[in-house]
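Below: the structure, in structure tokens.
The values are calculated or read from the model by the stated rules, or taken from the named source; none is laboratory data. Remember, predicted model here, so these are calculated numbers, not experimental data. Please note: Cβ atoms are built from the backbone with ideal geometry, for glycine as well, and neighbour counts cover all protein chains shown.
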Amino acid sequence: MAMVSLVLVSHSQTLARGVKEVADQMADPAVQIEVVGGLMDEQSGESLLGTDATQIAAAIERCWSPAGVLLLVDLGSAVMSAELALELLPPAMQEGCMISNAPLVEGAIVAAVEASLCHSLQVVNAAAEAAGNIQKVQRK
């Protein structure tokens, strides 16, 4: 049975890879998780902060699943880049993708677990978005 795939989009390549590292520990190895983070400065070869729609579209294509692809993003302009990336895909793929409102770290971990259970794209996203309401510290 096909599982939902995840694309983690961050302005920082280091952050995206770190989130994937944790999500991979929680997920079934069959769950495909791609990361897209940062921009490469072609002159210096250094990684800069930013997002790139063509890199996001390529990541979606690499991990495409008939069950769908959930995109988790860190900050506002990553949403814009993800939206543009979807426009670069064929219509059939666009329909199978969803950009989540989930927090990147907690959402990716919960989404990885839910995808491992072969839940639908909508269920995986709902669980990931609910992770934003998890209370970490009890306050009086």
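At a glance:
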item	result
Residues that are assigned to a helix (DSSP H, G or I) and farther than 10 Å from PRO103 by Cα, drawn from region 122-140	GLN122, VAL123, VAL124, ASN125, ALA126, ALA127
Inter-residue pairs, beta-carbon under 8 Å, first within 11 Å of VAL31 (Cβ to Cβ) and in region 112-131, second acidic (Asp, Glu), 6+ apart	ALA112/ASP24; ALA115/ASP28; SER116/ASP28; VAL124/GLU114
Some residue of region 36-45 being touching a helix residue (DSSP H, G or I) at 6+ places or on another chain (Cβ under 8 Å), at pLDDT 95 or above, of a type in the set (A, V, I, L, M) and assigned to a helix (DSSP H, G or I)	no
Conditions (1) among the hydrophobic types (A, V, I, L, M, F, W, C); (2) more than 11 Å from the chain's Cα centre (by Cα); (3) under 12 Å from VAL4 (Cβ atoms): number failed by LEU86	(3)
